[in-house]
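Participant: Submitted below is the structure of interest, expressed as structure tokens.
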Amino acid sequence: MTAEPGSLTIDRNRAVLLILFSLTVITSIPLHWHVAGLVLGLATAGMILRDPDAALRRRLGVLLGCIGLLAATDINTSTTDANFLKTGIPFFLVIALPPLLLAKSDPGVIRYRFLPQVRRRADVIYTVLSVPLAWLVLELYWWLTPDLFRQWSLPPVPDESEIQRLFIGINLVGIWDELFFVNTVFAVLRSLFAYRVANLVQAIVYTSVLYDMAFIGAGPVIVFLFAWTQGSMFEKSEGLLWVLIVHLIVDFFLVAAIVHSYYPSYGLDFLWRHGL
């Protein structure tokens with residue numbers, strides 16, 4: 001087992017491994033270049049197996065398996081029951097299996113720790129600021145990518161159940177985002193490598209999956225910056241609380257913007273209309 005979290009040095013072979021891992025994610029998930037993704041994935045697996053550190057082999061092997069599962073999943077924004085099941089099962093597996101697979105050999109690498117272990121005023125301030133920032137960034141995003149909010153579908157006439165399903169679906173995915181990208185991908189990488197390396201790679205995974213899901217146009221830049229700040233907050237607070245709150249604040253404004261794009265009379269009050 002690795003002596004200290006983040007203690008592994010990045011030599012040439014490990015640099016190549018992380019580059020191959022990142023390219024596997026990009027080609028197999030958002031680009032859907034399945035042959036290239038498979039070739040790169042096999043090359044990544046070969047580099048993992050060649051590494052002398054047993055902990056790295058176990059942990060990155062599990063992460064690579066998660067990427068393979070997500071690559072085989074049709075990631076989309078549909079809110080139908082069938083899609084909830086079709087995407088929900090693999091989404092659940094990639095957050096449930098890694099802690100189970102690593103529980104005996106690598107205890108404590110993946111921890112569902114919600115309350116912050118380090119209390120910082122900066123986290124509270126950033127969380128409060130995320131309210132206006134979320135609105136401003138989404139406005140900028142919409143200006144840069146006018147088709148953004150049409151990546152989600154709503155009926156021509158406002159329907160209470162459809163708006164409710166959209167709200168629930170986006171918030172469930174938002175929670176999953178942090179449980180997988182931060183609590184799993186970042187946590188595993190951070191157990192091996194320095195913070196900056198771990199956060200960079202998790203942000204690439206985060207951005208790739210969300211681009212495939214819906215965040216087109218300027219999305220990769222905006223999502224990457226958001227993912228980096230989420231990893232940073234998790235690193236410094238050592239808990240999921242602030243990370244989840246910030247993400248759910250963003251999701252509230254996202255749903256409001258989607259609903260408003262379909263029904264211009266709806267604003268931030270979409271939650272308490274028609275008994276929602």
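Participant: Helix 81-102: angle to the longest alpha-carbon principal axis of the chain, degrees 0 to 90, nearest 10?
Facilitator: Between the helix axis and the principal axis of the chain, the angle is about 30 degrees.
Participant: Shifting gears a bit: Simple spin-label model, 7 Å along Cα-to-Cβ: residue 119 to residue 12 in nm?
Facilitator: If labels sit at residue 119 and residue 12, their model points lie 5.1 nm apart.
Participant: Once the Cα atoms of helix 121-144 and of the chain are each reduced to a long axis, what angle between those two axes, in degrees from 0 to 90 to the nearest 10, is obtained?
Facilitator: The helix 121-144 is inclined about 70 degrees to the chain.
Participant: If you don't mind, another one. How many Å³ per residue does the convex hull of the Cα positions in the chain occupy?
Facilitator: Numbers: hull volume 35.9 nm³, N = 276.
Hull volume over Cα atoms, normalised by residue count, gives 130 Å³.
Participant: Kirkwood hydrodynamic radius of segment 1-114 from all distinct Cα pairs, in Å?
Facilitator: Values: mean 1/r = 0.0647 Å⁻¹.
Hydrodynamic radius (Kirkwood, Cα only) of segment 1-114 equals 15.5 Å.
Each reported figure results from applying straightforward, stated rules to the coordinates on display, with no laboratory input. None of these values were measured; they are calculated from a predicted model. Methodologically, a virtual Cβ is constructed for each residue, glycine included, from the backbone with ideal geometry; neighbour enumeration extends over all protein chains shown.
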